[in-house]
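Colleague: Pasting a structure here, questions to come.
Computed from the coordinates by the stated procedures, all read-outs in this text should not be read as laboratory data. These numbers come from a predicted model, not from an experiment. All Cβ positions, glycine included, derive from the backbone under ideal geometry; neighbour counts span all protein chains shown.
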Amino acid sequence: MNIYKHDIVFQEVPNHISLAFYVCGCPLKCPGCHSPELWTEKTGTPLTPIMFLELVRRYRQRISCVLFLGGEWRQDELLEFLKLAHQEDLLTALYTGLDHIPHELQQHLDFLKTGPWITARGGLWSPTTNQIFRDLRSGETLNHLFQHNTKEPSL
Ligand code: SF4
């Protein structure tokens, strides 16, 4: 899997500081997408398990979660990274533009944002959004925790 960049983010997973990976190759091409640089895999650099663990351990004292912004189109690789994150005692999260993901992926996630970007409905911060952010451990929908935030999401 190729990533466009990694970053430490504070708002994408409520109450957690996350190491986020922006995965290249999103096939959905939502009209109005804020991240068209993620549409092609060629823009990124390969994320290897060694590099992943190096980054996780570099930021380990500051983070409690690893977040993938996309990557479900590389399911086997994504699963490997999610398992490594759990082995490092970190929570896992995925932002996907799909409405549903395979059960096997869901089993290795603690948080999941689903739904494509639809400009007229807005992101998680919008009361009319089509997108849903769930805590998969409890099954609880956490959209209300985003509604004070007017920053547009990356995916
Ligand atoms: S899922 Fe996200 S990154 Fe992919 S096209 Fe839609 S808005 Fe853009």
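Colleague: At q = 0.11, 0.13, 0.19, 0.21 Å⁻¹, what base-10 log of I(q)/I(0) does the Debye formula yield for the chain when every alpha carbon is treated as an equal point scatterer in vacuo?
Modeller: So the normalised log intensities are -0.38, -0.54, -1.24, -1.53.
Colleague: Give me a comma-separated list of calculated 3J(HN,Hα) values for segment 100-116, in order, Karplus coefficients 6.51, -1.76, 1.60 applied at θ = phi - 60°, integers in Hz, x for any Gly or Pro.
Modeller: 9, 10, x, 4, 4, 5, 4, 4, 10, 10, 9, 10, 8, 9, 10, x, x
Colleague: Go ahead and set up a Gaussian network model of the chain, Cα springs under 10 Å, then flag whichever of N143, N15, N130 fluctuates most.
Modeller: N15
Colleague: Ok, one more. If exposed trypsin sites (Lys or Arg not before Pro) are those in a DSSP loop with at most 16 other Cβ within 10 Å, what is the longest stretch of the chain that has none? List each step's numbers first, then the result.
Modeller: Numbers: sites that count: K29, R60, R62, R121, R137, K151.
So the longest stretch without any such site is 63-120.
Colleague: Suppose a student asked you for the relative contact order of the chain, using Cα pairs under 8 Å spaced at least 6 residues apart; what percent would you report?
Modeller: Values: 304 pairs, mean separation 30.9, N = 155.
Contact order relative to length: 20 percent.
Colleague: At Q11 and I101, where each label point lies 7 Å from the Cα along Cα→Cβ, what is the point-to-point distance in nanometres?
Modeller: Spacing of the two 7 Å Cα→Cβ label points: 2.2 nm.
Colleague: Same structure again: M1: net charge of surrounding residues, Cβ under 9 Å, Lys/Arg +1, Asp/Glu -1, itself excluded?
Modeller: That works out to -1.
Colleague: Here's something else I'd like to know. Bin all alpha-carbon pair distances of segment 10-100 at 10 Å intervals from 0 and give each bin's fraction as a whole percent.
Modeller: 16, 49, 31, 4
Colleague: Can you work out ³J(HN,Hα) from phi for every residue in segment 16-31, in order, using Karplus 6.51 cos²θ - 1.76 cosθ + 1.60 and θ = phi - 60°, giving whole Hz and x for Gly and Pro?
Modeller: Result, ordered by residue: 9, 9, 10, 8, 9, 10, 9, 8, 7, x, 4, x, 7, 6, 4, x Hz.
Colleague: So if I take the centroid of the Cα atoms in segment 60-74 and the same for segment 115-130, what is the distance between those two points in Å?
Modeller: That distance is 22 Å.
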